[in-house]
1. For segment 77-90, name all the residues that are open to solvent by less than 50 Å² (accessible area, probe 1.4 Å) and more than 15 Å from TYR16 (Cα to Cα).
2. Considering only residues of segment 57-76 that are loosely packed, with under 14 Cβ neighbours inside 10 Å and more than 21 Å from HIS114 (Cα to Cα), which is farthest from the chain's Cα centre (by Cα)?
3. How many of the residues making up segment 94-141 are of a type in the set (Asp, Glu), within 21 Å of LEU35 (Cβ to Cβ), in a loop (DSSP other than H, G, I, E, B) and at pLDDT 90 or above?
4. Criterion first (at negative phi, aromatic (Phe, Trp, Tyr) and in contact (Cβ under 8 Å) with a residue 40 or more places away in the chain) does PHE113 satisfy it?
5. I need every pair where a residue in segment 9-24 that is acidic (Asp, Glu) has its Cβ under 8 Å from the Cβ of a residue that is assigned to a loop (DSSP other than H, G, I, E, B) and buried (at least 18 other Cβ atoms within 10 Å of the Cβ), sequence separation at least 6 or different chains.
6. Name every residue in segment 50-93 that is part of a helix (DSSP H, G or I) and within 14 Å of ASP24 (Cβ to Cβ), in order of residue number.
7. In segment 21-49, which residues are among the small types (Gly, Ala, Ser) and assigned to a strand (DSSP E or B)?
Amino acid sequence: METGKTGGCACGAVRYQLQSEPFDCGWCHCRTCQLNSGAPAMAFASVRTEDFVFTQGEDKVKRFASSSFGHRIFCGECGTPMVMRVNHQPETVDLSVSTLDDPDDVPPGFHIFHSSKVAWFETRDDLPRHEKFRADTRGLEGTEPPA
């Protein structure tokens, strides 16, 4: 089922389409996401791996190991961070909600790694906050991001 949700990088070299509705949208405050996004937190959502489809510029996509348990996918032209893949959840990819053409369609529902929150970044919502991963996250053994 095609959702009509599309997105891409800042320079337009890389485009993607979602073949199913994203789920588990949240804010991540871990240090890895801070460094990757250049922001105090990163809004992400998940989609089944086979339902994230590059429609343009896949040859421009670069990858790097951002932790012992996952890697990031970004535009090699402009550096826009688009996707994170984690070893403990191979059936899904996490996409940067801000790279969607209409990020308003996918609002966050929780915060993770709130214990790593930048002190001056105060969120004014009443969403659930988790010190690390959510308790129901699958396959967490050996997945602690760097401090």
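1. Within segment 77-90, GLY79, VAL86, HIS88, GLN89 qualify.
2. Going through the qualifying residues, I end up with ASP59.
3. The number of residues fulfilling the criteria is 0.
4. In short, no.
5. As it stands, the answer is GLU21/LYS5, since those pairs meet every condition given.
6. The one that is part of a helix (DSSP H, G or I) and within 14 Å of ASP24 (Cβ to Cβ): ASP51.
7. Selection gives GLY26, ALA43, ALA45, SER46.
Conditions tested, residue by residue: (1) open to solvent by 10 Å² or more (accessible area, probe 1.4 Å); (2) among the aromatic types (Phe, Trp, Tyr).
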site	(1), (2)
TYR16	no, yes
GLY26	no, no
GLN34	yes, no
GLY38	yes, no
ALA45	no, no
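The values are calculated or read from the model by the stated rules, or taken from the named source; none is laboratory data. Quantities reported herein were computed from a predicted structural model and do not represent experimental measurements. Quick reminder, even Gly has a Cβ in these numbers, built from the backbone with ideal geometry, and neighbours come from all protein chains shown. Ligands, DNA and RNA are stripped out before the accessible areas are found, and what is left, the full protein with its side chains, is counted by its heavy atoms. Shrake-Rupley method; radii C 1.70, N 1.55, O 1.52, S 1.80 Å.
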